[in-house]
1. Looking only at residues that are more than 20 Å from the chain's Cα centre (by Cα) and among the polar types (S, T, N, Q) in region 129-168, which one is farthest from L231 (Cα to Cα)?
2. Among residues belonging to region 58-88 that are in contact (Cβ under 8 Å) with a residue 40 or more places away in the chain, surrounded by fewer than 24 Cβ atoms within 10 Å (Cβ to Cβ) and among the charged types (D, E, K, R), point out the one that is nearest to T124 (Cα to Cα).
3. Hey, among D205, D193, which residue is acidic (D, E) and either more than 18 Å from the chain's Cα centre (by Cα) or modelled with pLDDT under 95 (or both)?
4. Report whether or not I191 is in contact (Cβ under 8 Å) with a residue 40 or more places away in the chain, within 18 Å of D151 (Cβ to Cβ), buried (at least 17 other Cβ atoms within 10 Å of the Cβ) and in contact with a Leu (Cβ under 8 Å, 6 or more places away or on another chain).
5. Give the residue that is nearest to P309 (Cα to Cα), with candidates limited to residues of region 70-99 that are polar (S, T, N, Q), part of a helix (DSSP H, G or I) and in contact with a Pro (Cβ under 8 Å, 6 or more places away or on another chain).
6. Between T143, T99, which is surrounded by 24 or more Cβ atoms within 10 Å (Cβ to Cβ), among the polar types (S, T, N, Q) and under 24 Å from I176 (Cα atoms)?
7. Failed condition for Q152, given (1) over 30 Å from D181 (Cα atoms); (2) crowded, with 23+ Cβ neighbours inside 10 Å, with all others met?
8. Looking only at region 84-101, which residues are over 19 Å from S146 (Cα atoms) and among the hydrophobic types (A, V, I, L, M, F, W, C)?
Amino acid sequence: MRRHLVAAAVVTAAALSLAACGTTESASSGDTASPASKKITVTDATGTKVTLDGPATKVVGTEWSVLENLVQLGVDPVGASDVKGYNSYDTAEPLKSSTKDIGTRGEPSMDTIASLSPDLIVATTDLSASALKQLRKVAPVITVKSADAADQIGQMTKNLDMIAKATGTTAKATAIEKQLDTKIAEGKQKIADAGLTGSKIAFADAYVVSNQVTVRAYTSGSMLGAVNEELGLKNAWTLKGDAAYGLASTDVEGLTKLGDVQFAYEVNDADGDPFTDQLAKNSVWKSLPFVKDDKVHRLHDGIWMFGGPAAAESYIDAIVDTLTK
């Protein structure tokens, strides 16, 4: 799974001319839209002001959270990074089979993107500055902030709103956000009805390097950590997560600090399950209270832990059903 983590990379493909459908300028004012000309201006996460001749319809997305947002907004991307990987790891909003694969999330192919003649490219701040510079020579680019551990749900909403404005789907974005609020409220009520409000939960995933299992902790600053707290659950991790994604790492011995908790995790069948494979016979793992008490829950594949509202809703359904069954 780790090969799918967001990573910046240098892009070396040839630069092509800027698409005639929009222009990119340095930021100097807020977002504007002129009813007469129907132009749309968006100031993105980098402070760049991007003006489009109208709502973008031929859109390329370089990151999975962006792709999920586009599909949920009703805008099927003409190009997407790692289509096969996306459809495996983020099943909430599948891409159409006709979507062109533009390469990896860290190294999108400029030639492939240019061949699609997009009127907009949506990227994230995880993409390298050099790659963004090259992309802006192909078509207008708006960049959303990849994540913010200080307010993951708020950042998720900002990203959705920005993409919606650029694609003329603001009303749809508003409906999506209301739907997420409703889903959270319903999930919170189910947790309360089950007498689980305030229960401690630790969400994680894991990977194996040189036969050593590293457990990745989703702290309160992670997207799923934030959702858990909205549901009335208490995050059991005391580790400090990174400033963007709210993630931290530990080993099996570090799990002894969790105590008696609900332990939920997700892995993908394509990468195996370190918890049931490598740790199944580990004496430390077997001694953990939540293991002995059968409080370890593997959620279904396809919940992208760094996604948008659709992924969040998928997670809410899974965790609430798991804890209250």
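1. So, considering only residues that are more than 20 Å from the chain's Cα centre (by Cα) and among the polar types (S, T, N, Q), the one farthest from L231 (Cα to Cα) is Q134.
2. This residue is D82.
3. D193
4. It is false that I191 is in contact (Cβ under 8 Å) with a residue 40 or more places away in the chain, within 18 Å of D151 (Cβ to Cβ), buried (at least 17 other Cβ atoms within 10 Å of the Cβ) and in contact with a Leu (Cβ under 8 Å, 6 or more places away or on another chain).
5. Q72
6. On inspection, the qualifying residue turns out to be T143.
7. Every listed condition holds for Q152 apart from (1).
8. If the condition is that a residue be over 19 Å from S146 (Cα atoms) and among the hydrophobic types (A, V, I, L, M, F, W, C), then L95 is the only one that fits.
The values are calculated or read from the model by the stated rules, or taken from the named source; none is laboratory data. Quantities reported herein were computed from a predicted structural model and do not represent experimental measurements. Here Cβ is always computed from backbone atoms with ideal geometry, including for glycine, and neighbour counts include all displayed protein chains.
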